[in-house]
């Protein structure tokens, strides 16, 4: 949910609560004021009738029994306090119950005790309250709708530079030498944000270029003497003057140099991938490339057979870098050969959504989640560098793929699939 929606929702909740509380208070206050007006009118009528009786200008027959007044003489003295209450009386003309406000009052005049009942209809009062409440509600709703419309327009206009900044950041690439182009903003907070982003991206760009140059230079400087050492060792081991023990010693050194050279290449590859130095813009058919890599590996399978379960016309297309995809498939095929049981078949399954390479063997003693860590090896004494699966996982991440591992019924399974598909 975006910021504008959250803000509008907060405003709506606030106004709804304010409308409930304020509307309720206004209703009861208005009702109280109107009832005071009705009560005051009834009391003035009571005082008028009492004055007329006191002066003798009217008698009890003047206020006969009806809906609005009733006057009678009591035989004995009663309570002289006045009481107000709400009642309803059936109106034959209207055919419904009509609400009234009633005043019951008793007083003594010239030795006679009178009880006076006065009533006043509340229909006009209720109608007035309904009209006022309805007008108030409509006014509040119009204010809320107007405020939301104005707020949405103002917020969108104010936040336009922010959204442009987000768009520029989404399109920003560390490998692109062109600096990020942020829009001019008149709002102080957005200006400070753009200044911080410009400083951050400039610093990151500078650090990236420095690291890139260091990696390339270090790799070159390491690889050159390693190649020289390897060449000299090859020449030395061919010398006729070496004893068997000396030749064995030289072969051990050569083996270590080869391992060191491969380690340098593997770490350099990981560093380049982390620095996003491989453009993933080619259309790569992974199924077609898998078949070509299997053909290249035929000599390495030796006694092991390989079963290719690939549907006809299967195409597993991705946008990527063909060099990296070759390394990925080579690593998985090499891994299947290295850990496959003797003379057991290696199976390869492929469809439009995934590729799975399986080989038989004993379960790994290490936890499956550690297989893709750098320098993780099943046998620490093996000649493997422990970088193959880490490189494979990094390649999959670059291409938006998922590399899964599972072990079922004596089979190791490595699967490559799209992120939005489930393993089969």
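Read-outs throughout are calculated quantities, based only on the coordinates presented, and are distinct from any laboratory measurement. Bear in mind that the values here come from a model prediction, so they are computed numbers and not experimental data. Here the Cβ positions follow ideal geometry from the backbone for every residue, glycine too, while neighbour counts run over all protein chains shown.
Modelling each spin label as a point 7 Å along the Cα-to-Cβ direction, I'd like the residue 181/residue 9 distance in nm, to one decimal.
3.6 nm
How far is it, in nm, from the label point at residue 98 to the one at residue 337 when both lie 7 Å from their Cα along the line to the Cβ?
Each label point is offset 7 Å from its Cα along the Cβ direction, giving 10.7 nm.
Kindly put 147, 289 in sequence by how many other C-beta atoms sit within 10 Å of each C-beta, fewest to most.
Taking fewest neighbouring Cβ atoms as first place, the list is 147, 289.
Which residues in region 27-53 place their backbone N less than 15 Å from a point set 7 Å from the Cα of residue 132 along the Cα-to-Cβ direction?
27-40
For an R0 of 41 angstrom, estimate the FRET efficiency from the Cβ-Cβ distance between residue 191 and residue 20 and round to the nearest 0.05.
0.50
Quick check on the exposure proxy: order 357, 98 from fewest to most C-beta atoms within 10 angstrom.
Starting with the residue having the fewest Cβ neighbours, the order is 98, 357.
Would you mind ranking 349, 414, 28 by Cβ crowding within 10 Å, fewest neighbours first?
Starting with the residue having the fewest Cβ neighbours, the order is 28, 349, 414.
Highest mean first, what order results for 388-394, 224-230 on Cβ atoms within 10 Å?
Highest mean packing first, the order is 388-394, 224-230.
According to a simple spin-label model (label point 7 Å from Cα along Cα-to-Cβ), what is the distance in nm between residue 405 and residue 124?
9.1 nm
Report the FRET efficiency, 1/(1 + (r/R0)^6), for residue 143 and residue 45, where r is their Cβ-Cβ distance and R0 is 45 Å, rounded to 0.05.
FRET efficiency, residue 143 to residue 45: 0.65.
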